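Written out below as structure tokens is the structure these notes cover.
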Amino acid sequence: MNSLIRTFLIISSLFTVSCATGQNSGTISADDPRTSQAYAEAFLQANARGLAILNEASQAHGDIADSSLVVALTIEVKEGIHRGQSLVVDPPYERYHLENKFFIDRKNNIEVGHFMNRFAGFDFVNIIITDDEASRDYNVLTKKYTDATSSGFDNFRYFPHPYIKAAMARPKHVCYEGSVDYKGKTVNRIFVGGGSSARRLYFDAEKGYLLRVEYLRNNEPYGDGVSFKDFSNFEKFGPLTLPQVIASGGNYSARGEVVNRFELRAIDPVVNRPTHEQMIDFTPADYSQVVKNQMTELSENIYMIENITESVDGDDYNVMFAVFEKFILVGEAPVNAATSEKALRHIRSVSDKPIKYLVQSHHHNDHWGGIRTYIAKGTTIITTKGNAAILKRIASAPSVLNPDRQWEDPKPLSMDLVTERLQINDSGNAALIYDVGPTNHANEMLIVYFPEQGLLWQADLISYGEWDLNDPRSDHLLSKIKSLNLKVKKIAGVHGHVFEGVELQKWLNK
């Protein structure tokens, strides 16, 4: 296990002892009858010093909630890769685009966040406006809006403020660890305990600025790791002191380290500031008919667990399973282990046959977050050659922070690798699995076709009822259906609804 992760875990579970025996407290003998009192006194001193450093930092950076605050700024990626949504599973990764703008006017109770991201063939553009009139999240691409609570400025994780605020909210868990050298500068380091929420914060000893945050995280399915933010080149932005350069990254057991770099700059607080009046053509998003965690029979012995994540805003995930004569085949292990456990309960309500295969469409974080659950059951993972190496690392990754089946009772990884086509069948059913990559979403992408039923299962190529069908991913799938001569009568997928009937035939005949 990474030594930094191990250190975090030890200190997190024993943080009081760590504080009490820190470099500024001296060494305390366990045989000394004064030990308990000495620990208590040492910890209180370290705790008080840590809280004082946090208060100094809060003042040094300025108050986001200050009623006189008027500021406008933008943050954009300069060197960035979205490794969890990349075309390939291992480096080198492609670059992605991110630009977020904030317009904050506390005097007039106006807060606007304009978020723009582009990666893996997707564009995300949202504008969140909060003022005396309303608080709304406008999806620029769908022209729909939902209620919102904040533009996210108060909690935006590229600023120092939320980390300081979170630490101050846990005053009994704050501990001063001492002065250390950080990049040639003397800094004050504090530790904030609390198990999986443990963090280390590094502060400029002279000016009080937050320079670095390290925190534990279990990033399913990649195991335990440490994420970090580095802040530098501080400048005044109105009454706030913020970093102009932010480095954000993480180091996870099965992934390794990746760092993204961002730049922050001031912009005109009036020019291009979105308003509610500009959103007059947006209509309310209606999620009243959304089903939650509901099992649907797609065809005889083939089922879909719809919206297994019980999303209320359209960000849903579905899981498919097919009951063969002697075994079960599952399509996708999205989100996390808890979601896979939920899928297993649905499957067992239909059949107790062994789950022999899991078809994993592609490598993106949200699509195989629960894959370790199936590895632990001895299920053979059907995937592509490019995923083989990282799946071996995933299967053996430590998961102390979030113990799952594979951590508690590990099983060897079993894989079947698809190059172009793989056929799975018994006397009761048949499935053809194709790699239809490369796509503009992932270079390797599996689909499952059930020829007797005319049913096609896919992921992120079509999300019927949620995404526009006039999309490069959908066009790619259509071309593959035609070139493979698949007689498709129904399409289902990890996102969206079942695509069938007249609308499907119209699309197939394009």
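The values are calculated or read from the model by the stated rules, or taken from the named source; none is laboratory data. Please read these numbers as outputs of a predicted model, since none were measured by experiment. Cβ: placed from backbone, ideal geometry, glycine included. Neighbour counts: every protein chain shown. These accessible areas exclude ligands, DNA and RNA; they are computed on the full protein's heavy atoms, side chains included. Shrake-Rupley method; radii C 1.70, N 1.55, O 1.52, S 1.80 Å.
Applying the criteria of a DSSP loop state and at most 14 other Cβ atoms within 10 Å to the GluC sites (Glu not before Pro) of the range 338-422 yields E420. Using a cut-off of 18 Å between Cα atoms, the listed pairs K487/K510; K78/K185; K326/K377; K356/K489; K292/K342 include K78/K185; K356/K489 as exceeding that distance. Our summary gives the chain a relative contact order of 11 percent, counting only alpha carbon pairs under 8 angstrom and 6 or more residues apart.
What shape does the range 303-365 take by its C-alpha gyration tensor, where a ≥ b ≥ c are the square roots of the eigenvalues and a/c under 1.5 counts as rounded, a/b above b/c as prolate, and the rest as oblate? Prolate, since a/c reaches 1.5 and a/b exceeds b/c. Placing +1 on the Cβ of every Lys and Arg and -1 on the Cβ of every Asp and Glu, with nothing else charged, gives the range 154-296 a dipole about its Cα centre of roughly 480 debye.
For the range 242-304, the gyration tensor built on C-alpha atoms gives an oblate shape. Its axis ratio a/c (a ≥ b ≥ c) is at least 1.5, and a/b is not larger than b/c.
Rounded if a/c is under 1.5, else prolate if a/b beats b/c, else oblate: with a ≥ b ≥ c from the C-alpha gyration tensor eigenvalues square-rooted, which is the range 43-136? Cα axes put the range 43-136 in the oblate bin. Accessible area per residue for the chain is 44 Å², calculated with a 1.4 Å probe on protein heavy atoms, without ligands, DNA or RNA.
You can think of it this way: the chain between K506 and N272 has 80.1 nm of extra reach, that is 0.36 nm per residue less the Cα-Cα gap. Of the solvent-accessible surface of the chain, computed with a 1.4 Å probe and all protein chains present, 48% belongs to carbon and sulfur. Loop-resident GluC sites (Glu not before Pro) (DSSP state other than H, G, I, E or B) in the range 449-510 with no more than 14 further Cβ atoms inside 10 Å of their Cβ: E452, E466.
Near the amide H of D416, within less than 5 Å, lie the amide hydrogens of I381, I382, T383, all on another chain or at least 5 residues away, with H placed in the peptide plane. Taking all protein chains together and a 1.4 Å probe, the residues E332, E300 rank E300, E332 from largest to smallest accessible area. Rg and Dmax of the chain, based on Cα coordinates, read 25.8, 85 Å.
Here the relative contact order of the range 41-185, from alpha carbon pairs under 8 Å that lie six or more residues apart, stands at 22 percent.
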